[in-house]
Protein chains: 2
Amino acid sequence: MFMGEPSETTSSARSSHLEAQWVVGFTDGEGCFYIGINRHSDLSSGYQILPEFSIVQHNSDIQILHRIKSFFGCGVIRVNHGDRMAYRVRSIKHLTERIIPFFEKHSLKTKKKLNFISFRKVLIMINRKQHLTADGVEQIKEIAKKMNRGL
Amino acid sequence: MFMGEPSETTSSARSSHLEAQWVVGFTDGEGCFYIGINRHSDLSSGYQILPEFSIVQHNSDIQILHRIKSFFGCGVIRVNHGDRMAYRVRSIKHLTERIIPFFEKHSLKTKKKLNFISFRKVLIMINRKQHLTADGVEQIKEIAKKMNRGL
């Protein structure tokens, strides 16, 4: 299911591009794997599941968010709060085909790895359409509860 | 003046050790280059200059601070505030011979690089004993003022 990944060889060959290990280190520091769960009466399960990978920086460091965006070849850069900007990936396709395979290949080194593993579990469930069932949503809620303990 | 550096080849050869680019990325996210300036009437200049490189993490991620300490081969790990721990290097010798040459060789990629450049300037002044004169202290105060703007 998890196919494709950013072209690191090309990236590290050009000095303006980022190296994979730098991206891992920066994500260990600043990255966030988050599962949003919103009530949504139009959906059969009653809930909308919104996974998101994000990195927030002060506006003065927006250039690094653009470099990360171009490293992963997906995502958007938007205002987060006030003078803070966020790089965000919400597309299931991009999370599944780019973000997850990258961190599978290049392990996070802090406790954030546990969040990543939970995040990956939820993406697998979504790709199997399990998030559309009441039972699947309950499982995802349990996983998300453990993730959002500030690990 | 800036000699020696951590043995990266050895580090990356052992899976439990960190890679240089990971350390750069994590420092871009979590690292802090700080110049403390305290009044100290016993000193000829009237001030004590205390440069410090630090990385703060929640207690649950203390393992990564130990790995960083062993990567640089210097520094200490102490309680920062409450449940947060800090990896700290305050020794002028270790800052001069290990921390600064590492980040000279492996450039920071965020605005934190500007703080590093200022930090390096102050370390050069300290090694030339310029921090012991009133004029040197004034220059260091100017540099430190620009550094501590949350860059």
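FYI, it's all coordinate maths here, none of it is from the lab. Bear in mind the structure is a predicted one, so any value in this text is a computation, not a measurement. Every residue, glycine among them, receives a Cβ derived from its backbone with ideal geometry; neighbour counts consider all protein chains shown.
Values computed for the structure shown
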| item | result |
| --- | --- |
| Set of lysines near B:LYS141 by C-alpha distance (under 24 Å), chain-local residues within fewer than 8 positions excluded | B:LYS93, B:LYS111, B:LYS112, B:LYS113, B:LYS121, B:LYS129 |
| Size-normalised alpha-carbon gyration radius of the protein assembly as shown, reference 2.2 N^0.38 Å | 1.14 |
| Mean separation of Cα contacts under 8 Å (6+ apart) over length of chain B, as relative contact order % | 27 |
| Phi to ³J(HN,Hα) by Karplus 6.51 cos²θ - 1.76 cosθ + 1.60 over segment A:51-58, Hz, x for Gly, Pro | x, 8, 9, 9, 9, 9, 9, 4 |
| Segment B:74-151: mean projected area of Cα convex hull, nm² | 6.2 |
| Between segment A:90-142 and segment A:31-55, the Cα center-to-center distance that results, in Å | 12 |
| Sorted by Cβ neighbour density within 10 Å, fewest at the top, the residues A:LEU123, B:LEU43, A:LEU95 | B:LEU43, A:LEU123, A:LEU95 |
| Calculated FRET efficiency for the pair B:ILE92/A:LEU114, C-beta based, R₀ 45 Å, to 0.05 | 0.75 |
| Shielding of B:59-69 by partner chains, average beta-carbon count, 10 Å | 2 |
| Nearest-first distances (nm) between copies at B:SER44, label 7 Å from Cα via Cβ | 8.3 |
| Inter-site label distance for B:CYS32 and A:ARG78 at 7 Å from Cα along Cβ, in nm | 3.1 |
| Rg ratio (alpha-carbon, reference 2.2 N^0.38 Å) - segment A:4-145 | 1.09 |
| Long-range tail of P(r) for segment A:33-73 (Cα pairs > 11 Å, %) | 71 |
| Whole-Hz couplings from phi, Karplus 6.51/-1.76/1.60, listed for segment A:87-99; x for Gly and Pro | 8, 9, 10, 10, 5, 4, 4, 6, 4, 6, 9, 10, 5 |
| For residues of A:24-32, the mean tally of beta carbons on other chains within 10 Å | 6 |
| Radius 15 Å from Cβ of B:TYR87, net charge of other residues (Lys, Arg +1; Asp, Glu -1) | +4 |
| Estimated vicinal HN-Hα couplings, Hz - segment A:112-117 in sequence order (Karplus 6.51, -1.76, 1.60; Gly, Pro = x) | 4, 4, 5, 4, 4, 4 |
| Contact order relative to length of segment A:62-151, as percent, for alpha carbon pairs under 8 angstrom and 6 or more apart | 18 |
